[in-house]
Amino acid sequence: MKSFLLGCVFLLAMLQRSNMQITVPATVLNCCEGDIVILLDSSGSVANYEFSRLLLFAAELFRPFSLGRGHVRVSLLQVGTMPNLEFGLDAHNKQESLQKALWSVTQLQGDTNTEAALKVAEQLLTETKTDVPKILLWLTDGVQPGDVDEPMSRLKAQGVSVLAVSTVHGNYRVLQRAVTPPLESHLYSVDIDNIDIITQDIREAIIKIIRAERLSVVDLTSHSAVLQWRPVLSAGSGFYELWYNSMLNTNTETRYNLPGGSSFVELTNLQPDTTYTASLRPESNERLFNTLSVIFTTLPEINNKTGEPVIQQAESMSGDVLSPAAVSVSDSGPHQIRVSWSPLQPARVQRYTVEYGAIPSGRVKTVTLSSQQNSTLLTGLEPGTQYLVTVSALHVNGKERAMSVKACTQKAALPVLADLQLTPVEHQEVQVAWRANEEGLKGYWLSWERENSHSSSKPSKPSMSSVYLPPTSRSTRLTHLAQSSRVCVSPVYSSGRGEGICCTTEKQKDSSQRG
């Protein structure tokens, strides 16, 4: 009854607010480009009050973003007995329109058919061939979501990042398997009344995925190239350091600085039919930025005296570059690399072939893609390994054009906790110490078996004890340990407790403990 009254009060507040003019602040996050599908649990297991709070959370989460093509596109898909696409990715390009749409959503009720909704989400996120990051944001109470492992795996295999927010009664193991790593920033389990405390954290996780950090070639001739990027610095807040060189002459490098407000640069005096590599690094005292890189090949020289075909001359003069003319690498991880190329010419290209293998003598694998695609995620790679990636285009005239680029996967992440040691101090006392290899932890959860003290000579069953330690802790002393006690240390994230490590003490003749 209490939850019903709370839901009515909250819905009344929403209705009053929907009749008011929604004030939308000027967008400040013109930093990002990506497609985001909100998968909202709208089934009968979600209370009206809880559903309203999830909508409010979504509205506040995306309020600062610039919307539309070239920025952030947001879609809302409701989960019920049958999935309901509330609005698609191209429905809203202004904040006022998105906010009004979110406030007017009506709950479906019914069953939690998440599997059916995920099929619709897969179509939304993978049918569009745009080379932008894609995110599925799952908002759920986690009650009987169904068998979502297979559809979630398909989404992740196609490069979709999965984030989840669950109210506290959710199935945590299902959510753990569903989200993409890192778990501590992509999975949140929170009480619905306190959901606003994670808004900033999950917004930062989204920005990290969709921040547009790509260096693109937008115009190319035989002697020049125009490079473009999404600005991450404002005028006066820093500068961009740019350097480029010919792949044939790596000892000669041109380097100069650009003002912070820049978003493009024209490289001139280049050699025709030559492959170049260019890099751009934003420099600022406020934060560190990634270095962006691209490889491109200038057009061949046009010799009017030899009477080159008019078609070829017209193509070069109009900037109609044969694909692929530029290849770039992004989204590098321990086991994956995303490779992208341009320009996209579906009318002139039959298909693309991507060949990749570890350097110097790894087995070469091949991926064949349609002429509509200009990006693919290479998975199943070895961590900390350099790969040679070659993109080939088979044109409709039967000719082939190829470009190669070297890319490195990231080194495999170290375990969060390691080297748990139990050092005997006195009878039934040990000093517990461990190492941590990850920043951003909220603390540590320590558990052990404690020996109960009774006046009776009859032995008693050990009891479990636990304690939370701050993130600065790396050791502590435990007393009154039971014989052969199992001591465990687990990392604590904002989303909950992670997988820990354990060690068992051994009872020695001198009654000391050793692990």
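The values are calculated or read from the model by the stated rules, or taken from the named source; none is laboratory data. These numbers were taken from a predicted model, which means no experiment stands behind them. Note that each Cβ is placed from the backbone with ideal geometry, even for glycine, and that neighbours are counted across all protein chains shown.
If the requirement is being touching a Cys at 6+ places or on another chain (Cβ under 9 Å), in contact (Cβ under 8 Å) with a residue 24 or more places away in the chain and aliphatic (A, V, I, L, M), which of these qualifies: Val79, Val72? Testing whether each residue is touching a Cys at 6+ places or on another chain (Cβ under 9 Å), in contact (Cβ under 8 Å) with a residue 24 or more places away in the chain and aliphatic (A, V, I, L, M) leaves just Val72.
Contact annotation: residue pairs with Cβ atoms under 9 Å, 6 or more positions apart or on different chains, pairing a residue in the stretch 226-250 that is on the phi > 0 side of the Ramachandran plot and of a type outside the set (A, V, I, L, M, F, W, C) with a partner that is assigned to a loop (DSSP other than H, G, I, E, B) and modelled with pLDDT under 75, are Gly238/Glu286. In the stretch 265-295, what residues are out of contact with any strand residue (DSSP E or B) (no Cβ under 6 Å at 6 or more places or on another chain) and in contact (Cβ under 8 Å) with a residue 12 or more places away in the chain? Across the stretch 265-295, the qualifying residues are Thr268, Asn269, Leu270, Gln271, Pro272, Asp273, Ser284, Asn285, Glu286, Asn290.
Going residue by residue through the stretch 79-102, is there one that turns out to be of a type in the set (D, E, K, R) and under 23 Å from Thr180 (Cα atoms)? Checked against the condition, which is being of a type in the set (D, E, K, R) and under 23 Å from Thr180 (Cα atoms), the stretch 79-102 yields no hits at all. The criterion of at least 1 residues that are in contact with a Leu (Cβ under 9 Å, 6 or more places away or on another chain) and within 30 Å of Thr277 (Cα to Cα) is met by the following strands (runs of 3 or more DSSP E) wholly inside the stretch 137-255: 160-166, 216-220, 225-228, 239-246.
Reported count of residues in the stretch 99-136, each being under 14 Å from Gly88 (Cα atoms) and part of a helix (DSSP H, G or I), is 10. Across the stretch 69-90, the number of residues qualifying as among the small types (Gly, Ala, Ser), assigned to a loop (DSSP other than H, G, I, E, B) and under 20 Å from the mean Cα position of the chain (by Cα) comes to 1. If you check Phe65, Phe87, which single one turns out to be more than 30 Å from Leu378 (Cβ to Cβ) and of a type in the set (Phe, Trp, Tyr)? Of Phe65, Phe87, the one residue that is more than 30 Å from Leu378 (Cβ to Cβ) and of a type in the set (Phe, Trp, Tyr) is Phe87. Given the options Lys365, Lys411, name the one that is within 16 Å of His335 (Cα to Cα), of a type outside the set (Val, Ile, Thr) and without any contact (Cβ under 8 Å) to a residue 24 or more places away in the chain. When all the criteria are applied, what remains is Lys365. Given the criteria part of a strand (DSSP E or B), modelled with pLDDT of 80 or more and surrounded by fewer than 18 Cβ atoms within 10 Å (Cβ to Cβ), does Ser484 qualify? In short, no.
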